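Rule-based calculations on the coordinates, nothing more; no lab input. Everything numeric in this text was worked out from a predicted model, so none of it was measured. Methodologically, a virtual Cβ is constructed for each residue, glycine included, from the backbone with ideal geometry; neighbour enumeration extends over all protein chains shown.
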Amino acid sequence: EAQLVESGGGLVQPGGSLRLSCAVSGFTLSDHYMEWVRQAPGKGLEWVVRSRNKANSYTTEYAASVKGRFTISRDDSKNTFFLQMNSLNTEDTAVYYCVKTTTGNHFDYWGQGTLVTVSS
Amino acid sequence: DIQMTQSPSSLSASVGDRVTITCRASQGISSYLAWFQQKPGKAPRSLIYAASTLQSGVPSKFSGSGSGTEFTLTISSLQPEDFATYYCQQYNSYPLTFGGGTKVEIK
């Protein structure tokens, strides 16, 4: 069964940067689309970014709220998926989940999440 | 962007009740609709995709229906472990968008 474990969250000042990691197991990372989804405290779910698989040249899609500030990447050899977050602001405070997507383009497995707090 | 609207935003129900949650899309999304369950302090769990197909391991008391712009999630007989917040999500086009959630509480 697929497992996803996020790390790298924490407290950062406005304007700062943070890099989240998602270590995966139980499946071949390069075969799958991967996503980051976030949830602000007490709020609903917000899709952040998609990384397509190797067969689709790892192309990406970003939510407008993070485009130009966040960058997705992956190291398939280390089974790890990353989210580089720059120019953070208080509205980026959230639990960030990495999510595996099936070949049918829908989400299936979720990580446990990592909390990012942007505050001075 | 496609807006996803869930109703109701919350409901109170008793163990054994049949519960139905509605999700409406602001434009047609064919059957590219998924449902998720989230319990407090936990990650979401994928329940249904393609509007009506259960994820592996999801019990058959959950069912989904609809296409186009109107969708429903039904829990046939509510059990204590089903009290949670439920979200719909469209994956027809970018940005992928979620409904605001429906919180199912114990009456």
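List the strands (runs of 3 or more DSSP E) that sit entirely inside the range A:33-120 and contain at least 2 residues that are away from chain B (no Cβ under 12 Å) and within 19 Å of B:PRO95 (Cβ to Cβ). Before you say what the answer is, go through the steps one by one.
Details: elements: A:34-39, A:45-51, A:60-62, A:70-75, A:80-85, A:94-101, A:107-110, A:114-118.
The strands (runs of 3 or more DSSP E) meeting that bar are A:70-75, A:80-85.
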*Any residue in the range B:73-87 that is surrounded by 20 or more Cβ atoms within 10 Å (Cβ to Cβ), touching an Asp or Glu at 6+ places or on another chain (Cβ under 6 Å) and assigned to a strand (DSSP E or B)?*
yes
*Considering only the range B:91-105, state which residues are at the interface with another protein chain (Cβ under 10 Å from one of its Cβ atoms) and assigned to a strand (DSSP E or B).*
B:THR97, B:PHE98
*What are the residues in the range B:10-32 that are under 21 Å from B:PRO95 (Cα atoms) and either over 12 Å from the mean Cα position of the chain (by Cα) or within 9 Å of another protein chain (Cβ to nearest Cβ) (or both), if any?*
B:ALA25, B:SER26, B:GLN27, B:GLY28, B:ILE29, B:SER30, B:SER31, B:TYR32
*Restricting the search to the range B:60-72, which residues are closer than 19 Å to B:PRO44 by Cβ and either part of a helix (DSSP H, G or I) or among the small types (Gly, Ala, Ser) (or both)?*
B:SER63, B:GLY64
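Residue-wise test of (1) of a type outside the set (Lys, Arg); (2) under 26 Å from A:GLY42 (Cα atoms).
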residue	(1), (2)
B:SER52	yes, no
B:LYS61	no, no
B:LEU73	yes, yes
B:GLN79	yes, yes
B:GLY101	yes, yes
B:LYS107	no, yes
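For the subset of the range B:33-53 comprising residues that are of a type in the set (D, E, K, R) and touching a Lys or Arg at 6+ places or on another chain (Cβ under 9 Å), which member is nearest to B:TYR91 (Cα to Cα)?
My answer is B:ARG45.
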*Mind counting the residues in the range A:87-116 that are surrounded by fewer than 19 Cβ atoms within 10 Å (Cβ to Cβ) and more than 20 Å from A:GLY68 (Cα to Cα)?*
7
